Amino acid sequence: MKILVVDDEQDVMTLFQQRFRKEIRSGVVEFAFAFSGEEAINYLNDHTHEAVLILSDINMPGMSGLELLEHIKTEYQKPPPTVMMITAYGDDENYNTAKRLGADDFLTKPLDFKLLKDKLKTTNS
């Protein structure tokens, strides 16, 4: 499963690589990283239909994760990627907006990696 992680914090790459070390080595998952909404769109345009799951932070400078979500759900429909939104703020407004825009799931920071791995298993089956 190819996963695109979108977050303006550079250290998420190291964190995901550490937490998914075994899955990466065994080829179960492959990660790509984008550090802005604009970078994520460029990646998706250059790698059509490679990312089956997108994990995106909501609060980013420039294009927000919600704007990115809206773009993804409008532009990449066949097949539509699964999009999980990640935020440090578990507020109702962000949750409701993300759901309205088509988010498939909603996670809060700090990420519970065991929960995320469980969700990935159900997404991948």
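General remarks:
- Over the chain, the ratio between the Cα radius of gyration and 2.2 N^0.38 Å evaluates to 0.97.
- Residues Thr123, Thr82 arranged by fewest to most Cβ contacts within 10 Å: Thr123, Thr82
- Loop-located chymotrypsin sites (Phe, Trp or Tyr not before Pro) in region 1-99, at most 14 other Cβ atoms within 10 Å (DSSP): Tyr89
- Links that overshoot a 21 Å alpha carbon limit, given the list Lys78/Lys109; Lys78/Lys114; Lys2/Lys73; Lys73/Lys117; Lys2/Lys114; Lys78/Lys117: Lys78/Lys109; Lys78/Lys114; Lys73/Lys117; Lys78/Lys117
- Per-residue ³J(HN,Hα) for region 87-101, Karplus 6.51 cos²θ - 1.76 cosθ + 1.60, θ = phi - 60°, Hz, x for Gly and Pro: 8, 7, 10, x, 7, 4, 4, 4, 4, 5, 5, 4, 5, 4, 7
- Proximity of backbone amide H atoms, modeled 1.01 Å from N, is registered between Lys109 and Thr87, Ala88, Tyr89 at under 5 Å, excluding neighbours fewer than 5 places apart on the same chain.
- In this structure, the amide hydrogen of Val5, modeled 1.01 Å from its nitrogen in the peptide plane, lies closer than 5 angstrom to those of Ala32, Phe33, Ala34, Leu55, counting only residues at least 5 positions away or on a different chain.
- Euclidean distance of C-alpha centroids, region 104-125 and region 34-72, integer Å: 18 Å
Values in this text are rule-based calculations from the coordinates and carry no lab data. Being a predicted model, the structure only gives us computed values, none of them experimental. All Cβ positions, even for glycine, are placed from backbone atoms using ideal geometry, and neighbour counts span all protein chains on display.
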